[in-house]
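Asks: Sharing a structure here in structure tokens format.
The values are calculated or read from the model by the stated rules, or taken from the named source; none is laboratory data. Since this is a predicted model, take the numbers as computed values, not measurements. Here the Cβ positions follow ideal geometry from the backbone for every residue, glycine too, while neighbour counts run over all protein chains shown. When the accessible area is computed, the model is the full protein with side chains, heavy atoms only, and any ligands, DNA or RNA have been set aside. Shrake-Rupley method; radii C 1.70, N 1.55, O 1.52, S 1.80 Å.
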Amino acid sequence: MSNVKQFLSQIPGDAYSGLQQADRLWQNIRDSVSSEVPVVVKESNQNLGNVNWDVVICGGTLGVFIGTALAIRGFRVALIERGFLRGREQEWNVSRQELQVFLDLLLLTEPELNEAIVTEYNPARVSFFEGKEVWIRDVLNIGVDPVFLLEKLKKLFLGVGGFLLENTSFNGAVVHPDGVLVQAGTQELKGRLLMDAMGHFSPIVKQARQGQKPDGICLVVGSCAKGFAQNETGDLLVSFTPILQQCQYFWEAFPARDGRTTYLFTYLDADPNRFSLEFLFDEYLRLLPEYQNVEIDQLKLVRALFGFFPSYRQSPLQMPWDRVMPVGDSSGCQSPLSFGGFGAMLRHLKRLLMGVGEALKEDILSQKSLALLQPYQPSLSVTWLFQKAMTVGVNEKVEPQQINRLLSAVFAEMESLGEPVLKPFLQDVVQFSGLSQTLLKTAWNHPKLIANLVPQLGVIPLIEWMGHYVNLGVYTGLFSLGNELDLHFKNWPTGWDYYMRRRLDGWKYGSGSDHNG
């Protein structure tokens, strides 16, 4: 019996089979083995006629967030979930300020929000091999119970008139000029708008991307276990080994309600020669004792965690059809550095709610109009080079400590610039001022590190990145100017409201200015 299989045998169920299944999916992506691109969305030029729903949402885990918010505001919402709408046992870690949206949108009361928070810790560490430790407070230090949260939202959704279909699979949709016919199990739902919240592997996303291979992958393995001597602080990004197996290993750790959660993750491409999830899990077991100063046999496993998260340079995803839009992980709005869609969903929830609400009220549901709800965001696009800087090609020769030394230097400079620079970045928000200051200081104080990085990144990606960097500055200026115009011209000409608000939102989020309030 392998070390991984023996370790996973501690928990009920067949976690090892789940790991093998995830590995088969990962193998298919590496080998570019994909069946024909699914055709689940079709188009018809015939009118649909009367519709029963304003919005039909496929995917309940994150779809219930915006579905409930829309239903509260009087929209007719149907929600389809292929299993039971229930949260997982593992907490979702966020920063406290990100939870305010639940109160602002009336999704939770303050006592309910406090009950949803099951862990809180401070501070958290960022550390790299032989580098300076950086400690930060109030970043990803709140653990929210997904089971409690989704149960509350589910009850609220049903209580305000939402319609929920559990244990029902999405089978397909036909887009008509006046609506969308959604086939869900044995039922047909007629709606004005279809929202895809089915995640990274949504068949709608696969069709929209036409079988495109991911540009980047984040492999993640880990566990929640009892038996750790120290469980008061957390780790946001830690590395204590050189490049191994043509990958830089990173670690993350959080106190959990029933133990301590530890992750091992790495960024890589989908080359056929990349290793499996099971191999990475074996590396996790090999290195965990050194990382947490604990022996494996001292731990009592509560649950295991494993998966992979694809990302694409062309993100956010814009659908090619009228009346169809992605939300959550389906949308590609999350940073390629992050493997959690919960925080990204909270960040964009208010923006999406306002935009979708206006689009429905004004019946502006064309592909071009909905694309404004998934705008180009320079603050997101610039992070691609950061992921590439932490990725090593299968045949690439890189000095073993290059990534550690680079990250250690960058975070030391960000710490010297203070929390206004460091905190947004650790919350997946890149801003022009903070990025510019960090780049200048790092280049000035560590020119050799930057020079060594250029061959690894390549000239063309650097030129492309420079375009996104310039646009980040442009968007920062446009948001400031647009905000002033909006204050002076509250009553835009008829028909302009929707488009001007979406442009302002695009500049705001595209510049990372939403982090400032």
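Asks: Quick one: dipole size for segment 212-305, taken about the Cα centre, charges +1 on Lys/Arg Cβ and -1 on Asp/Glu Cβ, in debye to the nearest 20.
Replies: 280 debye
Asks: May I pose another question? Subtract the Cα-Cα distance of residue 166 and residue 20 from 0.36 nm times their separation in residues, and report this length gain in nm to one decimal.
Replies: Details: separation 146, 0.36 × 146 = 52.56 nm, distance 2.67 nm.
Computed gain between residue 166 and residue 20 is 49.9 nm.
Asks: When the solvent-accessible surface of protein heavy atoms is calculated with a 1.4 angstrom probe, in what order do 348, 446 fall, highest first?
Replies: In descending accessible area the options line up as 446, 348.
Asks: For a quick check of your reading of the filter: which GluC sites (Glu not before Pro) in segment 237-290 sit in a DSSP loop and have no more than 16 other Cβ atoms within 10 Å?
Replies: none
Asks: Let me ask something else about it. Just to verify a number: FRET efficiency for residue 45 and residue 367, C-beta to C-beta distance, R0 = 22 Å, to 0.05?
Replies: The computed FRET efficiency comes out at 0.90.
Asks: Just to confirm my numbers, what's the Cα centroid distance between segment 211-245 and segment 133-201 in Å?
Replies: 28 Å
Asks: Per residue, what accessible area does the chain have, given a 1.4 Å probe and all protein chains present, in Å²?
Replies: Spelled out: the 1.4 Å probe surface of the chain, per residue, equals 43 Å².
Asks: With each label point set 7 Å from Cα along the Cα-Cβ vector, what nm distance links residue 73 and residue 187?
Replies: 2.4 nm
Asks: Can you compute the charge dipole magnitude of the chain about its Cα centre, using +1 on each Lys and Arg Cβ and -1 on each Asp and Glu Cβ, nothing else charged? Give it in debye, rounded to the nearest 20. The partial results should precede the final answer.
Replies: Details: 46 positive and 54 negative charges, 139 e Å.
For this selection, approximately 660 debye.
Asks: Moving to a separate point now. Set Lys and Arg Cβ to +1 and Asp and Glu Cβ to -1, take the dipole of the chain about its Cα centre, and tell me which of 279, 403, 321 lies farthest positive.
Replies: It is 321.
Asks: Just to confirm a number: summing +1 for Lys and Arg and -1 for Asp and Glu over residues other than residue 422 whose beta-carbon lies under 10 angstrom from that of residue 422, what do you get?
Replies: Numbers: positive: 423; negative: 413, 415, 419.
Once all neighbours under 10 Å are counted, the net charge is -2.
Asks: Any idea what the dipole of segment 251-402 comes to, in debye rounded to 20, about its Cα centre with Lys/Arg Cβ at +1 and Asp/Glu Cβ at -1?
Replies: Taking the Cα centre of segment 251-402 as origin, the dipole is about 540 debye.
Asks: Now, a different point. Rounded to the nearest 5, what % of DSSP beta bridges with both residues in the chain are antiparallel? Numbers along the way, then the final one.
Replies: Values: 51 of 73 bridges.
Beta bridges within the chain, antiparallel portion: roughly 70 percent.
Asks: Would you work out which of 254, 367, 309 lies farthest towards the positive end of the dipole of segment 244-367, given +1 charges on the beta-carbon of Lys and Arg and -1 on that of Asp and Glu, about the Cα centre?
Replies: Positive-most Cα among the choices belongs to 367.
Asks: With the full set of protein chains in place, find how many percent of the accessible area of the chain is carbon and sulfur; take the probe as 1.4 Å.
Replies: Carbon plus sulfur share of accessible area: 52 percent.
Asks: Kindly rank 9-18, 52-61 from highest to lowest mean number of other beta carbons found within 10 Å of each residue.
Replies: 52-61, 9-18
Asks: Within segment 43-63, list the residues whose amide N lies under 11 Å from a label point set 7 Å along Cα→Cβ of residue 178.
Replies: Residues 46-51 fall inside that zone.
Asks: I want to check the label-to-label distance for residue 100 and residue 338. Put each point 7 Å from Cα in the C-beta direction and report it in nm to one decimal.
Replies: Label-label distance for residue 100 and residue 338, simple model: 1.6 nm.
Asks: While we're looking at this one, here's another question. Taking the Cβ of residue 75 as the center, what net charge do the other residues with Cβ under 10 Å away carry, scoring Lys and Arg +1 and Asp and Glu -1?
Replies: My count for the surroundings of residue 75 gives +3.
Asks: If each of residue 500 and residue 419 carries a label point 7 Å out from its Cα toward its Cβ, how far apart are those two points in nm?
Replies: About 3.7 nm separates the two model spin labels.
Asks: OK, next. Label segment 1-129 by shape, choosing from rounded, prolate and oblate, from the square roots a ≥ b ≥ c of the eigenvalues of the Cα gyration tensor; if a/c is under 1.5 it is rounded, and otherwise prolate applies when a/b is larger than b/c, oblate when it is not.
Replies: In terms of gyration-tensor shape, oblate.
Asks: Pulled fully out, how much extra length does the chain show between residue 395 and residue 125, if you take 0.36 nm times their separation in residues and subtract their Cα-Cα distance?
Replies: Length gained, residue 395 through residue 125: 94.0 nm.
Asks: Report the extension gain between residue 148 and residue 313 in nm, rounded to one decimal, defined as 0.36 nm multiplied by the number of residues separating them, less their alpha carbon distance.
Replies: 55.9 nm
Asks: Moving on to the next point. Could you compute Rg(Cα) / (2.2 N^0.38 Å) for the chain, with N its residue count?
Replies: Against the compact-globule rule of thumb, the ratio is 0.97.
Asks: Let me ask something else about it. Give me the distance between the Cα centres of segment 7-21 and segment 298-360, rounded to whole Å.
Replies: 27 Å
Asks: When only DSSP loop residues count, what trypsin sites (Lys or Arg not before Pro) in segment 254-315 have their Cβ near at most 16 other Cβ atoms within 10 Å?
Replies: 257, 313
Asks: So what is the diffusion coefficient of segment 23-73 in µm² per second by Stokes-Einstein at 25 °C and 0.890 mPa s, using a Kirkwood Rh over Cα pairs?
Replies: Calculated translational D: 162 µm²/s.
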